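Undergrad: One structure coming up, written as C-alpha cells, with questions to follow.
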Amino acid sequence: MPLPIKQTVIICLLSTGLIVSNGFAQSGTNVPKLSSKDIVGIWQIGSPVVGAYLVEHFQFFKNGTFVYHYDPDDDTRNIIELKGSYLFKDNDLYFTIKSRIVRKGGSIATGAVGTDDYLFTFDNDSTKIVMERNAKQLDPVIIMAVKRNSKYFMIKINNRNYYKVSSDPAKYEDE
C-alpha cells in the first residue's frame, strides 16, 4: 500500500537533505586550506577573465593593507573605493576601513546608449578622499578557498565568488 503524500514528501525531503549534507561534508574535506599568504594579490568578483578593465575587486597587500574597488561601471555610486587594513585569522577576515574615495557634486544625467551600462550617471562630478575619524575593526566576514588549480584560484568572501587575477596586488598581470 503506497504511503500518504505527506509522508512521501517528508521522506523525500529528509533523503535529499542527507544526500546534500553528505555531499557538503565530502566536498569540505577537499577544500584547500587558505593561508594569509594566499590572499595577497588582486581578486576580481565573478570571473577570472578580465576584459578592458577590472570590475569590482580587492587588492590585498603583504603588509596587511587592502583596497576595495566598487564596480566602476556603476557611476551613480557615491563610494568608489575603500582603503584600510585586514587581518586574516582562521576562516575569518577582519577589515578596518581607514579611508574612502567618494564622488561629490555633479548632476544626474541619463546614460549614453551603447557606452554606459546604467540608465543614470553622474555628470561633472569630482572625487574626494574621506578619512574615517574613528576607524575600528569591523565584524569579520567569512573567507574560504573553494577551488585552486593551474587555471584559477577562487575564494568566497561572505558567499561571493572572487577569482585571483594577479599575484601582485600592485598591478594586474596576465598569469
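Undergrad: Restricting attention to the stretch 66-94, which residues are assigned to a loop (DSSP other than H, G, I, E, B) and of a type in the set (D, E, K, R)?
TA: The answer is Asp71, Asp73, Asp74, Asp75, Arg77, Asp90.
Undergrad: So, of the residues in the stretch 112-171 that are assigned to a loop (DSSP other than H, G, I, E, B) and of a type in the set (Ser, Thr, Tyr), which turns out to be farthest from Pro72 (Cα to Cα)?
TA: In this case the residue turns out to be Ser150.
Undergrad: Also: Of everything in the stretch 76-134, what is within 30 Å of Ser36 (Cα to Cα) and among the hydroxyl-bearing types (Ser, Thr, Tyr)? Give them in sequence order.
TA: Across the stretch 76-134, the qualifying residues are Ser85, Tyr86, Tyr94, Thr96, Ser99.
Undergrad: Also, quick follow-up: Quick one: in the stretch 64-113, of everything that is among the basic types (Lys, Arg) and more than 23 Å from Trp43 (Cβ to Cβ), which residue is farthest from the chain's Cα centre (by Cα)?
TA: Among residues in the stretch 64-113 that are among the basic types (Lys, Arg) and more than 23 Å from Trp43 (Cβ to Cβ), the one farthest from the chain's Cα centre (by Cα) is Lys104.
Computed from the coordinates by the stated procedures, all read-outs in this text should not be read as laboratory data. Nothing here was measured: the structure is a model prediction, and the numbers come from that model. Reconstructed Cβ throughout: ideal geometry from the backbone, glycine too, with neighbour counts over all protein chains shown.
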